[in-house]
2 protein chains.
Amino acid sequence: METSKLITWRAKFDQELFEYVVPFWEKHSPDWQYGGYFNALSRDGSKYDTSKYVWLQARQVWMFSTLWLKHEKRESWAKIAGLGAQFLKDHAVRDDQRAYFSLSQEGEPTWMQRKIFSECFIVMAFAQYSRVSGESKWMEDAKILFDSVMEWAEDLQKIGRPHYSGSKIAHSLAVPMILLNVIEELAGDSWKEYSEQIDTLLQRMLLHVKSDRKQVLENVGKDGVYIDSIEGRVLNPGHSIEAGWFLQHWAQRLKRDDLSEIAFNMVRWSMDYGWDDEHQGLFYFLDAEGFNPTQLEWDMKLWWPHCEAMYATLLNYKLTGDKKDLASFEKVANYTFSHFPDHEHGEWYGYLNRRGEITHSFKGGPYKGCFHVPRALWLCRSVLDEMI
Amino acid sequence: METSKLITWRAKFDQELFEYVVPFWEKHSPDWQYGGYFNALSRDGSKYDTSKYVWLQARQVWMFSTLWLKHEKRESWAKIAGLGAQFLKDHAVRDDQRAYFSLSQEGEPTWMQRKIFSECFIVMAFAQYSRVSGESKWMEDAKILFDSVMEWAEDLQKIGRPHYSGSKIAHSLAVPMILLNVIEELAGDSWKEYSEQIDTLLQRMLLHVKSDRKQVLENVGKDGVYIDSIEGRVLNPGHSIEAGWFLQHWAQRLKRDDLSEIAFNMVRWSMDYGWDDEHQGLFYFLDAEGFNPTQLEWDMKLWWPHCEAMYATLLNYKLTGDKKDLASFEKVANYTFSHFPDHEHGEWYGYLNRRGEITHSFKGGPYKGCFHVPRALWLCRSVLDEMI
């Protein structure tokens with residue numbers, strides 16, 4: 001890509017991030033009364049519910065901390081990050097280190113999942129906020145929580161998720177991929193302390209990558225065996241693209257060309273089978289054998305797979321210089337910028353139907369917060385910076 | 001409606017049920033090797049998975065038993081009903097009376113919900129099959145299971161569904177409505193034995209019916225109080241229409257005009273706010289205050305709300321003679337017959353997008369089995385019979 005084009009793209013990401021996205025969350029999400037952030041925000045930022053979803057609370061702490069650490073030391077950003085971190089510490093994490101999934105506005109628990117993701121995102125939040133606040137207690141809390149998470153990841157029955165004798169699915173891609181990202185954020189430059197765990201998690205992630213099929217399977221059996229069932233055939237292109245760039249970060253850090261090659265492919269295959277040639281955009285779910293997916297929302301176009309795909313394809317291009325990777329980036333970025341942003345009220349729409357029409361007008365909901373959009377914009381901007 | 005029109009509709013329901021729907025399940029679903037039924041059936045009836053979903057297994061036992069009892073004593077129907085009943089008895093119900101949500105082809109458990117619906121549908125299956133087989137042990141099993149279900153319905157924490165201090169939702173419409181249907185099927189003519197329970201459940205159902213709002217709320221707080229939150233504002237038109245005719249059946253049996261009037265309204269209101277004036281058909285979810293629903297599938301058109309609506313509006317019309325109820329029936333029946341049936345391969349499609357285009361081609365899946373389509377066709381046919 002010519003430098004002029006790189007500069008144009010960089011300006012686009014910059015403008016989107018700092019004019020339309022970050023200000024939306026700064027203005028509408030902080031709950032200065034009870035702490036934490038409002039998550040249910042309509043198109044114009046007005047609230048339609050006061051519940052606080054822990055995944056999104058934690059991710060927003062991480063996001064504002066990251067902007068403060070890497071972009072600019074704005075006091076308001078540190079303050080917003082702290083507002084969420086303290087709320088999580090006060091209300092989300094129980095004494096046994098389990099964390100709730102959702103809380104009331106005041107911080108009373110409303111739901112807990114038999115999964116480890118609330119805890120994972122809190123580790124990332126506390127670790128990053130520790131660097132903002134300079135208070136080591138946040139990092140200590142992050143590490144204690146991380147140890148529990150790693151123990152549970154080995155056996156989810158410890159947190160009440162039963163395993164039944166008839167189920168052939170043994171591994172879910174989400175677990176190793178999120179944990180690899182958690183370690184990246186928790187450890188920072190001291191990642192070598194976690195070498196053994198990283199190695200194990202990389203092995204577990206690779207169980208899902210099937211070169212013969214050119215597919216990344218969400219759920220596999222023992223030792224990564226392919227299970228020919230609804231569950232075993234699930235493809236989630238956005239998820240495997242995200243896993244691809246998580247892996248690429250580790251490949252670069254570990255200087256492992258073999259892993260780097262696999263990461264390139266995870267993104268390329270997913271962009272290939274995940275793309276809707278008829279209406280454009282990435283499908284949400286597909287079936288590895290081409291059966292009709294059973295998820296009702298399979299053909300929808302969600303904001304986050306497109307966010308992940310912009311960064312993953314751009315990173316591929318930076319590392320390979322391959323025109324095909326560039327074409328992928330331009331394809332997904334053009335679709336994304338022409339469908340998701342809302343320059344009237346800020347932030348992006350989250351949910352489109354197969355045709356690309358908006359089906360959900362809100363900017364924040366139970367699973368959409370201040371995370372995928374600003375993270376992807378920030379990451380793309382950073383890669384473009386390096387390339388320029 | 002003139003008699004000639006009634007006869008035409010009756011012929012339509014009859015043909016659909018006995019030429020296209022029942023034969024599909026007779027041919028493709030029985031697993032003569034391991035027992036029970038295959039649930040994951042593609043458009044043409046071929047299998048795309050061998051999992052057995054207990055809701056659907058039980059409902060199919062009920063359906064074939066009902067056809068045998070009420071339509072014709074075909075030996076093949078009794079045999080199919082027995083194939084599922086025995087499979088459920090052997091594999092689905094644990095010693096503590098809890099029932100699994102899904103099983104492998106061979107009957108090994110794969111998942112259990114912290115809900116009571118698997119058990120509810122098994123009660124209906126065993127009770128009805130008892131009448132087919134003439135074996136009282138099925139009815140005894142049904143009654144033992146029902147007693148446990150009623151106990152759990154009082155306090156779902158007994159089956160491991162925690163209640164958290166911040167949650168304001170105290171009641172879900174699904175529980176009283178399904179239990180009222182279960183008692184209708186379990187008790188048959190001896191329903192007076194259950195008078196006290198029926199009365200309690202009717203009171204609980206009415207907590208969800210809001211005359212001032214002309215809405216039926218899925219989730220309400222203590223004493224039926226309206227909770228202004230995402231969860232408290234959920235409307236599910238198909239569900240409240242189904243609850244409407246469940247209530248109407250009890251109103252007729254109890255000769256309670258007050259309940260009958262409420263039941264008319266539940267159906268009318270839901271048809272009113274649930275109907276998509278732009279693209280026709282019933283929405284899947286709505287928000288009581290008009291906010292954008294958060295369910296990703298909110299604007300889809302599913303087969304079962306339309307099945308329920310055909311019968312509920314027709315029953316309203318039979319009881320009231322009101323032309324508005326007839327118009328409602330014709331509106332939903334015309335939409336249904338022009339969108340869901342598949343005369344090439346039999347059974348109906350289950351899932352359409354807002355525009356009415358098929359998004360899922362399969363006939364059977366984790367939540368779609370041999371139930372809503374044949375039950376509605378049978379019920380409509382029976383009402384038309386009475387009217388003719």
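The values are calculated or read from the model by the stated rules, or taken from the named source; none is laboratory data. Please read these numbers as outputs of a predicted model, since none were measured by experiment. Every residue, glycine among them, receives a Cβ derived from its backbone with ideal geometry; neighbour counts consider all protein chains shown.
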Do you know which of the residues in the range B:156-195 that are within 14 Å of another protein chain (Cβ to nearest Cβ) and among the β-branched types (Val, Ile, Thr) is nearest to B:Ile144 (Cα to Cα)?
B:Ile159
Selection status of A:Lys168, assigned to a helix (DSSP H, G or I), more than 22 Å from the chain's Cα centre (by Cα) and over 21 Å from A:His249 (Cβ atoms):
no
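Each row is one residue, and each column tells you yes or no for (1) more than 18 Å from A:Phe18 (Cα to Cα); (2) in contact with a strand residue (DSSP E or B) (Cβ under 8 Å, 6 or more places away or on another chain); (3) without any contact (Cβ under 8 Å) to a residue 24 or more places away in the chain.
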| position | (1), (2), (3) |
| --- | --- |
| A:Gly356 | yes, yes, no |
| A:Thr359 | yes, yes, no |
| A:Lys363 | no, yes, no |
| A:Phe371 | no, no, no |
Name the residues in the range B:199-245 that are farther than 28 Å from B:Gly281 by Cβ and surrounded by 21 or more Cβ atoms within 10 Å (Cβ to Cβ), would you?
B:Leu201
Just one of the numbered conditions (1) within 14 Å of another protein chain (Cβ to nearest Cβ); (2) without any contact (Cβ under 8 Å) to a residue 24 or more places away in the chain; (3) not in a loop (DSSP other than H, G, I, E, B); (4) not polar (S, T, N, Q) is not true of A:Phe329; which one?
(1)
Please state which one of A:Gly274, A:Gly290, A:Gly281 is in contact with a strand residue (DSSP E or B) (Cβ under 8 Å, 6 or more places away or on another chain) and on the phi > 0 side of the Ramachandran plot.
A:Gly281
Might you let me know whether the range B:195-217 holds any residue that is touching a Ser or Thr at 6+ places or on another chain (Cβ under 7 Å) and at pLDDT 95 or above?
yes
Note on A:Ser338: of the conditions (1) without any contact (Cβ under 8 Å) to a residue 12 or more places away in the chain; (2) more than 15 Å from A:Asp44 (Cβ to Cβ); (3) within 22 Å of the chain's Cα centre (by Cα); (4) within 10 Å of chain B (Cβ to nearest Cβ), unmet is (4)
Any residue at all in the range B:302-320 that's within 14 Å of chain A (Cβ to nearest Cβ), in contact with a Phe, Trp or Tyr (Cβ under 6 Å, 6 or more places away or on another chain) and surrounded by 21 or more Cβ atoms within 10 Å (Cβ to Cβ)?
yes
Single residue of B:Leu83, B:Leu179, B:Leu173, B:Leu156 found to be touching a His at 6+ places or on another chain (Cβ under 8 Å), buried (at least 18 other Cβ atoms within 10 Å of the Cβ) and touching a residue at least 24 places away in the same chain (Cβ under 8 Å)
B:Leu173
I'm told A:Tyr273 meets every condition in (1) within 14 Å of another protein chain (Cβ to nearest Cβ); (2) assigned to a helix (DSSP H, G or I); (3) surrounded by fewer than 23 Cβ atoms within 10 Å (Cβ to Cβ) except one. Can you identify the failing condition by its number?
(1)
